[in-house]
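Only one structure is covered here, and it is reproduced in the block below.
The values are calculated or read from the model by the stated rules, or taken from the named source; none is laboratory data. Keep in mind that what you see is a predicted model, and the values were worked out from it rather than measured. So basically every Cβ, Gly included, is an ideal-geometry build from the backbone, and we count neighbours across all protein chains shown. Keep in mind that these areas ignore ligands, DNA and RNA; they rest on the heavy atoms of the full protein, side chains included. Shrake-Rupley method; radii C 1.70, N 1.55, O 1.52, S 1.80 Å.
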Amino acid sequence: MALYSEKVMDHFRNPRNVGVIEDANGIGEVGNAKCGDIMKMYLKIEDDVVQDVKFETFGCGSAIASSSMATEMIKGKPLSEVKQLTNKAVAEALDGLPDYKMHCSVLAEEAIHSALEDYQKRTGRKI
Ligand code: FES
């Protein structure tokens, strides 16, 4: 069996939603101290819905694939759903990650949660 699923390879080679949102109202940046990888997530939230999302990931292939898949999973979704996103769901949507690469998907969950916190701080709104 191949180490990485087709979906992981696809999102690694053609990552969706890469870039910066200049007028984002929720920005989260997280890193993993062990591997040194960094992920930054930009959210544009309107009417309690993630209207747009972009990311920048300085990291391994699994981290890039995880961030790409995570952005696809939250785009156009209400915040009540977005805040429930787990790294497990991201890894499942990618048809799995090797055990020792699961922490890469954790970065995606953390980056989104950190961006949601930032949004709450900026707007004073409670999700
Ligand atoms: Fe660091 Fe994948 S090895 S996020």
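Can you run phi through the Karplus equation (6.51, -1.76, 1.60; θ = phi - 60°) for segment 36-43 and list ³J(HN,Hα) in whole Hz, with x for Gly and Pro?
x, 6, 10, 10, 10, 10, 10, 10
Could you please put LYS7, LYS126 in sequence from largest to smallest accessible area, using a 1.4 Å probe?
Details: LYS7 85, LYS126 180 Å².
Largest accessible area first, the list is LYS126, LYS7.
If you rank CYS35, CYS60, CYS104 by how much accessible surface each has, with a 1.4 Å probe, what is the order from largest down?
Working: CYS35 60, CYS60 30, CYS104 5 Å².
Largest accessible area first, the list is CYS35, CYS60, CYS104.
Would you grab the residues whose amide H sits under 5 Å from the one on ASN25? Only those 5+ places off in sequence or on another chain, please, with H modelled 1.01 Å from N.
LEU43, LYS44, ILE45
Within the chain, how many Lys pairs sit with Cα atoms under 13 Å apart, leaving out pairs fewer than 8 places apart on the same chain?
9
Whenever you get a sec, line up LYS83, LYS77 from highest to lowest accessible area (probe 1.4 Å, protein heavy atoms).
My answer, sorted largest first, is LYS83, LYS77.
Towards the positive end of the charge dipole of the chain, with charges on Cβ (+1 Lys, Arg; -1 Asp, Glu), say which of PHE12, ASN32, PHE55 has the farthest Cα.
ASN32
Compute the label zone of GLU6 within segment 80-95: residues whose backbone N is under 16 Å from the point 7 Å along Cα-to-Cβ.
Residues 93-95 qualify, since their backbone N sits under 16 Å from the label point.
Expressed in nm to one decimal, what extension gain is obtained for the pair GLU29 and GLN120 from 0.36 nm per residue of sequence separation less their Cα-Cα distance?
31.2 nm
With r defined as the distance between the Cβ atoms of GLU92 and ASN14 and R0 fixed at 25 Å, what FRET efficiency is calculated, to the nearest 0.05?
Working: r = 20 Å, r/R0 = 0.80.
For GLU92 and ASN14, the calculated efficiency is 0.80.
Round to the nearest 10 and report in Å² the accessible area of ARG122, as given by a 1.4 Å probe over the protein chains' heavy atoms.
Number for this one is 130 Å².
Work out how far the C-alpha atoms of the chain reach from end to end along every principal axis, then list the three figures in whole Å, largest first.
47, 27, 23
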